[in-house]
Amino acid sequence: MALSNSEPCSVCGRYKNRRVAIDAIIIRDNKILLIKRAFEPFKGFWALPGGGVDFDETAEDAVRKEVWEEVGLKVTSIKFLNIYTDPDRDPNQVTALAYFAETEGETKSRERCKGM
């Protein structure tokens, strides 16, 4: 049985293709901005703002999009930090690209944001 790119195997739970996501590290006043995850995996845990890279989107554009969507900050500068590819790091085997992001503005949701 062929799996679509977004369907996990019903036997092992793994995906046919790995997704690519970004994580944004935003530091202000020696504090790192965290958000409370709204979805599984790790729903309710604190994490870096981030999300999937859409089709026809650069990773850098995804950083700008996700930071704006999740915390309401405008990204003014982006610097690549690292790539995380260990399949055991994430239950969905997401490949994560980590970026430092400088931002301007104020976070839109204090309830969901921590650190600033």
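ASN92 meets the conditions (1) farther than 15 Å from GLY50 by Cβ; (2) at pLDDT below 95; (3) of a type outside the set (Gly, Ala, Ser); (4) surrounded by 12 or more Cβ atoms within 10 Å (Cβ to Cβ) in every case but one. The failed one is (1). Name the single residue, out of those in the range 54-70 being surrounded by 20 or more Cβ atoms within 10 Å (Cβ to Cβ) and modelled with pLDDT of 95 or more, that is nearest to GLY105 (Cα to Cα). That would be VAL67. Taking residues in the range 49-68 that are within 14 Å of THR103 (Cα to Cα), and partners anywhere that are modelled with pLDDT under 95 and among the acidic types (Asp, Glu), the pairs with Cβ atoms closer than 7 Å and at least 6 places apart or on different chains are PRO49/GLU70. All told, GLY44 meets the bar of being in contact with a strand residue (DSSP E or B) (Cβ under 9 Å, 6 or more places away or on another chain) and at positive phi. Only a single item in (1) surrounded by 12 or more Cβ atoms within 10 Å (Cβ to Cβ); (2) among the small types (Gly, Ala, Ser); (3) modelled with pLDDT under 90 is not met by GLY51, and it is number (3).
Does VAL75 fit the bill of being in contact with a Ser or Thr (Cβ under 7 Å, 6 or more places away or on another chain), of a type in the set (A, V, I, L, M) and modelled with pLDDT of 95 or more?
Values: in contact with a Ser or Thr (Cβ under 7 Å, 6 or more places away or on another chain): yes; of a type in the set (A, V, I, L, M): yes; modelled with pLDDT of 95 or more: yes.
Taking the combined requirement at face value, the residue satisfies it.
Taking strands (runs of 3 or more DSSP E) that do not extend beyond the range 17-116, which have at least 2 residues that are within 22 Å of GLU7 (Cβ to Cβ)? Please lay out each step first, then the result.
Values: elements: 20-25, 34-36, 50-52, 74-84, 95-104.
The qualifying strands (runs of 3 or more DSSP E) are 20-25, 50-52, 95-104.
Evaluated against (1) under 14 Å from VAL20 (Cα atoms); (2) surrounded by fewer than 18 Cβ atoms within 10 Å (Cβ to Cβ); (3) modelled with pLDDT of 95 or more, PHE100 falls short on exactly one condition, (1).
The values are calculated or read from the model by the stated rules, or taken from the named source; none is laboratory data. Bear in mind the structure is a predicted one, so any value in this text is a computation, not a measurement. Neighbour counts run over all protein chains shown; Cβ positions are idealised from the backbone, glycine included.
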